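**Student:** Encoded as structure tokens, here's the structure I'll be asking about.
The values are calculated or read from the model by the stated rules, or taken from the named source; none is laboratory data. These numbers were taken from a predicted model, which means no experiment stands behind them. Using ideal geometry, Cβ is built from the backbone for each residue, glycine included, and neighbour counts are taken over all protein chains shown.
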Amino acid sequence: MTDKDLIRQALRARLSAYVPYSHHPVGAALECTNGEIILGCNIENAAYTPSNCAERTAFFKAVSEGKRDFSRIAIVGGMDDKDPLELCAPCGVCRQVMMEFCDVDSFEIVLAKVVNPKHPDEISDDDIEVKKYLLRELLPVGFGPESLK
């Protein structure tokens, strides 16, 4: 699966976001090392603190299904009324969750600017501008399992 195909999966997940307060839907597509894709969306709560990001939704869903090996995640998000969708980077808490399960030097975080965001099946490759990072680049000094040894 190409990066742009993974972005389309994240856009598909974004359609399920529950965002009545921020109006900032985010979708994530987490790729397992076996090629399986786990989708996640952000889910808001009136009390705000119980809200959950799309990235963590995807990770927690995957882990709850027994998956522990991941290669990359695509993330897309932005305000409902914005075009284009600009890069939407994971928050610090999501980066920390990624560090729990992923190798910081090989796990890829795929972000995208999407022009004319419509239904994922209608977006051409030319509508997607990809930017990739390694987890280490977005979380250069983190606290992970190795920190407890």
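**Student:** Do you know which residues across region 7-38 are out of contact with any His (no Cβ under 9 Å at 6 or more places or on another chain), among the aliphatic types (A, V, I, L, M) and surrounded by fewer than 21 Cβ atoms within 10 Å (Cβ to Cβ)? Outline the logic, then answer.
**Tutor:** In the first step, residues of region 7-38 are kept if they are out of contact with any His (no Cβ under 9 Å at 6 or more places or on another chain); the result is 7-10, 13-14, 16, 18-38.
Then keep just the ones that are among the aliphatic types (A, V, I, L, M); that gives 7, 10, 13, 19, 26, 28-30, 37-38.
Across region 7-38, the qualifying residues are Val19, Ile37.
**Student:** What tally of residues in region 124-142 results from selecting those that are assigned to a loop (DSSP other than H, G, I, E, B) and crowded, with 18+ Cβ neighbours inside 10 Å? Let's see the steps before the verdict.
**Tutor:** Initially, region 124-142 is screened for residues assigned to a loop (DSSP other than H, G, I, E, B), giving 124, 139-142.
Narrowing the set further to residues that are crowded, with 18+ Cβ neighbours inside 10 Å leaves 139.
Matching residues across region 124-142 total 1.
**Student:** Right, something else. Hey, could you check region 106-123 for residues that are touching a residue at least 24 places away in the same chain (Cβ under 8 Å) and assigned to a helix (DSSP H, G or I) and say which is nearest to Ile43 (Cα to Cα)?
**Tutor:** Pro120
**Student:** Which of the residues belonging to region 87-142 are charged (D, E, K, R) and touching a helix residue (DSSP H, G or I) at 6+ places or on another chain (Cβ under 6 Å)?
**Tutor:** Residues of region 87-142 charged (D, E, K, R): 95, 100, 103, 105, 108, 113, 118, 121-122, 125-127, 129, 131-132, 136-137.
Hits for region 87-142 are Arg95, Asp105, Asp125.
**Student:** May I ask you to list the residues in region 73-105 that are under 10 Å from the mean Cα position of the chain (by Cα), crowded, with 18+ Cβ neighbours inside 10 Å and in a loop (DSSP other than H, G, I, E, B)?
**Tutor:** Passing the criteria: Cys88, Pro90.
**Student:** So the check is Cβ under 7 Å with 6+ separation or different chains; which pairs have a first residue in region 125-149 that's closer than 12 Å to Cys102 by Cα and a second one that's at pLDDT 95 or above and acidic (Asp, Glu)?
**Tutor:** Leu134/Asp105; Leu134/Glu108; Arg136/Asp105; Gly144/Glu100; Pro145/Glu100
**Student:** Just give me the residues in region 32-58 being part of a loop (DSSP other than H, G, I, E, B), closer than 14 Å to Cys94 by Cα and either small (Gly, Ala, Ser) or touching a residue at least 40 places away in the same chain (Cβ under 8 Å) (or both), in sequence order.
**Tutor:** Ser51, Cys53
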